[in-house]
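Here is the structure we will look at.
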């Protein structure tokens, strides 16, 4: 594979484009929102500049990677890609609509992958024209920093597609964890219910935002407290994953905390919205509860 397409220029899409370009791939980053593309390209450029500053990459590596990266609002440009990775919002209907739009423009042999963090790979593959060449390639956030990629096969994914995706992850310098196609896979099956339980602890008045995060950082040696982490992930994404777990496994232990639902309804989605369990308006985050 030489050319990678990324659908979605947000936090995850731009991060995936970043590591692909640095690893020597030609990259087309597609988004229907041209402002999102501009922001995504600026984010990649800035993050690579910081990598130069910390001597993780050289100036020449940054220059070459940026030259390999192209932004396009035209879905037709993805015909040049050997693999296309969808990194849109964690909404099944949105993803399905994207596949129906994109598939007619892809090379017949191209692999189509999704960065979904929780949705059934088999179900997503079923709406495409290539279920045997479809799989989950779930990167962790922030992509340039985190080493893990979860690879998830759907029921129809063939061996050649899986092995090609694994070799792709190796070239990116990522470690692979293979998951069966169950709701939320491995990482989020463990992580998001823990975050949801931390929100229940807050909801029930057992501890404050600051107290809960301090307890888990110092008591469990977590690098970030669960509520700060929820804000970083996005509370809407946390809620979507909990709903997928609850719907897919039919177990009440996965019921989203009502306080999480309330924050999402208020638009308090975390860092990206400027407010979640912390308010990010000032120099230092301030707990909102």
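Miscellaneous remarks
- Remark: residue 33 falls outside the filter, which requires a residue to be farther than 17 Å from residue 141 by Cβ, in contact with a strand residue (DSSP E or B) (Cβ under 6 Å, 6 or more places away or on another chain), in the same structural domain as residue 74 (by TED's automatic domain parsing) and surrounded by fewer than 24 Cβ atoms within 10 Å (Cβ to Cβ).
- Scanning segment 150-176 for residues that are surrounded by 14 or more Cβ atoms within 10 Å (Cβ to Cβ) and closer than 21 Å to residue 123 by Cβ returns 150, 151, 152, 153, 154, 156, 157, 158, 161, 162, 165.
- Qualifying position, being closer than 23 Å to residue 10 by Cβ and not assigned by TED's automatic domain parsing to the domain that holds residue 89, among 227, 218, 249: 227
- Residue among 145, 206 that is out of contact with any helix residue (DSSP H, G or I) (no Cβ under 7 Å at 6 or more places or on another chain) and closer than 25 Å to residue 246 by Cα: 206
- Flag if residue 87 is buried (at least 23 other Cβ atoms within 10 Å of the Cβ), at pLDDT 95 or above and closer than 22 Å to residue 36 by Cα: yes
- Looking only at segment 1-24, and only at residues there that are touching a helix residue (DSSP H, G or I) at 6+ places or on another chain (Cβ under 7 Å) and surrounded by fewer than 24 Cβ atoms within 10 Å (Cβ to Cβ), the one that is nearest to residue 76 (Cα to Cα): 3
- The condition of being surrounded by 22 or more Cβ atoms within 10 Å (Cβ to Cβ) and either at positive phi or not in a helix (DSSP H, G or I) (or both) holds for only one of 184, 228, that being 184.
- Single unsatisfied condition, residue 202 versus (1) in a loop (DSSP other than H, G, I, E, B); (2) surrounded by 16 or more Cβ atoms within 10 Å (Cβ to Cβ); (3) over 21 Å from the mean Cα position of the chain (by Cα): (1)
- Per-region count, segment 17-35, residues in a helix (DSSP H, G or I) and modelled with pLDDT of 95 or more: 6
- Every listed requirement among (1) within 21 Å of the chain's Cα centre (by Cα); (2) buried (at least 19 other Cβ atoms within 10 Å of the Cβ) is met by residue 213 save one, (1).
- The set of residues in segment 93-118 being modelled with pLDDT of 95 or more, closer than 17 Å to residue 240 by Cα and touching a helix residue (DSSP H, G or I) at 6+ places or on another chain (Cβ under 9 Å) consists of 95, 96, 114, 115, 116.
- Selection status of residue 44, modelled with pLDDT of 95 or more, under 19 Å from residue 15 (Cβ atoms), in the same structural domain as residue 143 (by TED's automatic domain parsing) and not in a helix (DSSP H, G or I): no
- Scanning segment 90-118 for residues that are closer than 10 Å to residue 7 by Cα and surrounded by fewer than 16 Cβ atoms within 10 Å (Cβ to Cβ) gives no hits.
The values are calculated or read from the model by the stated rules, or taken from the named source; none is laboratory data. No experiment lies behind these values; they were computed from the predicted model shown. When we count neighbours, we look across all protein chains shown, and the Cβ atoms used for this are built from the backbone with ideal geometry, even at glycine.
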